[in-house]
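Colleague: Have a look at this one.
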Amino acid sequence: MDAAIAGLAAGMALGFAGYFGGFWAFLLVAVLGAVGLFVGLVLRGDVDLWRQR
C-alpha cells in the first residue's frame, strides 16, 4: 500500500467516525477522503508544495 492509498484510507476512516448524520456525513467523508489523498500524494512526492518557480 503506497502513501497515497494510505492517506486516502486514513481520511476515509476519520470520515466514517463522524458518519452518523446523513448528507453531512457523506460530505464529511468526501472532504476528509480528499484531504487524506492530498496528504498522501504530498508524502509520496507527486505534489510539491515548496517548489520555487
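The values are calculated or read from the model by the stated rules, or taken from the named source; none is laboratory data. Everything numeric in this text was worked out from a predicted model, so none of it was measured. We place every Cβ from the backbone using ideal geometry, glycine too, and count neighbours over all the protein chains shown. Each accessible area value is taken on the protein alone, full model and side chains, heavy atoms only, with ligands, DNA and RNA left out. Shrake-Rupley method; radii C 1.70, N 1.55, O 1.52, S 1.80 Å.
Colleague: Give, in whole angstrom and from largest to smallest, the semi-axes √(5λ) of the equivalent ellipsoid of the chain, with λ running over the eigenvalues of the Cα gyration tensor.
Modeller: 26, 12, 5
Colleague: Would you mind getting the accessible area per residue of the chain, heavy atoms of the protein chains only, 1.4 Å probe, in Å²?
Modeller: Counting only protein heavy atoms, the per-residue value for the chain is 77 Å².
Colleague: Expected output is a single nm value to one decimal: the length gained when fully extending between ARG44 and ALA25, i.e. 0.36 nm times separation in residues minus the C-alpha distance. What is it?
Modeller: Full extension of this stretch gives 4.0 nm more.
Colleague: Of all accessible surface on the chain at a 1.4 Å probe, what whole percent is carbon and sulfur?
Modeller: 72
Colleague: Hey, what angle do you get for helix 23-44 against the long axis of the chain, alpha-carbon based, 0 to 90 degrees rounded to 10?
Modeller: The helix 23-44 is inclined about 20 degrees to the chain.
Colleague: For ARG51 and PHE16, FRET efficiency with R0 = 25 Å and r from the beta-carbon atoms, rounded to 0.05?
Modeller: For R0 = 25 Å, the calculated efficiency reads 0.15.
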